[in-house]
Amino acid sequence: MEVSALSREPSPQTDLFNWDHLGADLTEHILSYLPIRSIVRAAAVCKLWHSIVAASSFAARVSAAKKPWFFLYGQNNIFLKNNQAFAYDPEANEWIKLPTALFPWPSSQEQSFIGSGGFFFTTTSARFSYAPILNGAWRETSPLRFSRCNPLVGVYSDKLGLPRFIVVGGVRFIGGLVDIEDRLAVEIYNPWSDSWDLCPPLPADFRSGNSSQWLCSALFKGKFYVFGIYSCFVSFFDLTQHYWSEVQTLRPPGVLFSFLVSCQDQLVLAGLWNSPLGPSFNLWKIDEKTMEFSEIATMPQELLYCLFDSDEDDKFASLKCVGLGNLIYVFNEEHHRNYPACVCEISNDTGNCSWRKVPNLPVTANRFHKVISFCSTISLGNIFQVEGAEPSMDQTVR
């Protein structure tokens, strides 16, 4: 009697699939659909997969197609060992606790940490350093002409496609004291020549709150926008012609505070406002030519209130917002709820907005004196650029 194929005992010679039969092109295509973390894991499977994943062409194409990650970095000014960092991958819908080896050991309470455009940055009153995200290879730059802490930092490409760093505002220290005569300096760094160019200063309207604690920024169509979270002042710096635009006020009626976000092909204002039905968190599309605004989304009330566990009047003051690509994150920077967050995804095709809650952090976070949040793209090329950097990322993803 002929035995059915379904009832046969498996044979190692006939039933095990040989991945080599797929060919390099099809294997590359399949691997490209994996989340970043899974791609890095796949590189350790065999030499063929490692050669595919580490190839510059694959890394550039896949990195450009992936959604940016959401980062939280907590600083404890008393017990520096309690500093922690987490990254959320929206495609895998999971948080990753980042190893401390990726970050320099804080040298003082004045040191500030920032992330933007695929890079981590640290700055003190004396030093400015940077490293590709998840690479761990830190480099200290030549000194800023006007050293400062808590500046706004942006990353853009010049005419040749090479990266440049723009550093705006921040608090300047002289002899450990804040310089009240600070010029609101703006400097642009060239990594290839290790040199800084001094640019026209930030408009004086921003003097009362010139650090990243009071300002946010958005890089959009060759312009670096600076926006006052509470003042609602807005101005942009032209990255080609190096001038500041006239300062305007961008405040929809009833808005208490807001954040400016570069989202896909539009500027988006996200903020808390007093609606007739109570506090509401809304999104407005901004016309960059006229600075006129039109509402595009409202966070569902049940999501807004799941970010809090108290009825205090000032509870909404701890809301923060960051975004990039087609994702906008809103989170509570207070520790008592372990930094809960929601995300709004704007459809590439229809422009419709969908909200959802972000999973809880993978471990209980420590108490921090300051929480830094940002979104950034992740470059596979940077992860595999230095062989010595792979173990740190491998520890991160496993």
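Pairs linking a residue in region 23-34 that is over 14 Å from residue 62 (Cβ atoms) to a residue that is buried (at least 17 other Cβ atoms within 10 Å of the Cβ) and modelled with pLDDT under 90, with Cβ atoms under 8 Å and 6 or more positions apart or on different chains, are 24/52.
Would you call residue 121 farther than 30 Å from residue 344 by Cα and modelled with pLDDT of 90 or more?
Numbers: farther than 30 Å from residue 344 by Cα: no; modelled with pLDDT of 90 or more: yes.
For residue 121, the condition - farther than 30 Å from residue 344 by Cα and modelled with pLDDT of 90 or more - is not met.
One residue is enough: does region 157-170 have a residue meeting the conditions closer than 30 Å to residue 27 by Cβ, open to solvent by 30 Å² or more (accessible area, probe 1.4 Å) and at pLDDT below 90? For region 157-170, residues closer than 30 Å to residue 27 by Cβ, open to solvent by 30 Å² or more (accessible area, probe 1.4 Å) and at pLDDT below 90: present.
Restricting the first member to region 355-369 and to residues that are touching a residue at least 60 places away in the same chain (Cβ under 8 Å), and the second to residues that are open to solvent by 50 Å² or more (accessible area, probe 1.4 Å) and assigned to a loop (DSSP other than H, G, I, E, B), the beta-carbon pairs closer than 9 Å and six or more apart or on different chains are 358/93; 359/93; 366/79; 368/77; 368/333; 369/77; 369/78; 369/109.
In region 176-191, the condition of being at pLDDT 95 or above, among the acidic types (Asp, Glu) and open to solvent by 10 Å² or more (accessible area, probe 1.4 Å) is met by no residue.
Residues are listed down the side, and each one gets a yes or a no for (1) closer than 21 Å to residue 203 by Cβ; (2) in contact (Cβ under 8 Å) with a residue 40 or more places away in the chain:
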{"position": "119", "(1), (2)": "no, yes"}
{"position": "129", "(1), (2)": "no, no"}
{"position": "134", "(1), (2)": "no, yes"}
{"position": "144", "(1), (2)": "yes, yes"}
{"position": "158", "(1), (2)": "no, no"}
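Among the residues of region 273-295, none qualifies, meaning not one is assigned to a helix (DSSP H, G or I) and either free of Cβ contacts under 8 Å to residues at least 40 places away in the same chain or buried (at least 20 other Cβ atoms within 10 Å of the Cβ) (or both).
Looking at region 243-260, which of its residues are farther than 15 Å from residue 230 by Cα and either open to solvent by less than 10 Å² (accessible area, probe 1.4 Å) or among the hydroxyl-bearing types (Ser, Thr, Tyr) (or both)?
From region 243-260, those farther than 15 Å from residue 230 by Cα are 243-246; that's our starting set.
Passing the criteria: 243, 245.
Considering the conditions (1) at pLDDT 95 or above; (2) touching a helix residue (DSSP H, G or I) at 6+ places or on another chain (Cβ under 8 Å), residue 280 is excluded by exactly one of them, (1).
The residue that is least open to solvent (accessible area, probe 1.4 Å), counting only those in region 201-220 that are assigned to a loop (DSSP other than H, G, I, E, B) and modelled with pLDDT under 90, is 211.
I'd like to check something: does region 11-33 contain any residue that is at pLDDT 80 or above, touching an Asp or Glu at 6+ places or on another chain (Cβ under 8 Å) and under 26 Å from residue 323 (Cβ atoms)? No - not one qualifying residue is present in region 11-33. Of the residues making up region 41-63, those that are open to solvent by less than 60 Å² (accessible area, probe 1.4 Å), among the hydrophobic types (A, V, I, L, M, F, W, C) and under 23 Å from the mean Cα position of the chain (by Cα) number 3.
Any residue in region 131-152 that is under 22 Å from residue 221 (Cβ atoms) and surrounded by fewer than 20 Cβ atoms within 10 Å (Cβ to Cβ)? No, because not a single residue in region 131-152 is under 22 Å from residue 221 (Cβ atoms) and surrounded by fewer than 20 Cβ atoms within 10 Å (Cβ to Cβ).
Scanning region 298-350 for residues that are surrounded by fewer than 17 Cβ atoms within 10 Å (Cβ to Cβ) and among the hydrophobic types (A, V, I, L, M, F, W, C), which turns out modelled with the highest pLDDT? Per the criteria, the residue is 306.
The values are calculated or read from the model by the stated rules, or taken from the named source; none is laboratory data. Since this is a predicted model, take the numbers as computed values, not measurements. Cβ coordinates were reconstructed from backbone atoms using ideal geometry, including for glycine residues, and neighbour counts include every protein chain displayed. Note: areas computed on protein heavy atoms with side chains; ligands, DNA, RNA excluded. Shrake-Rupley method; radii C 1.70, N 1.55, O 1.52, S 1.80 Å.
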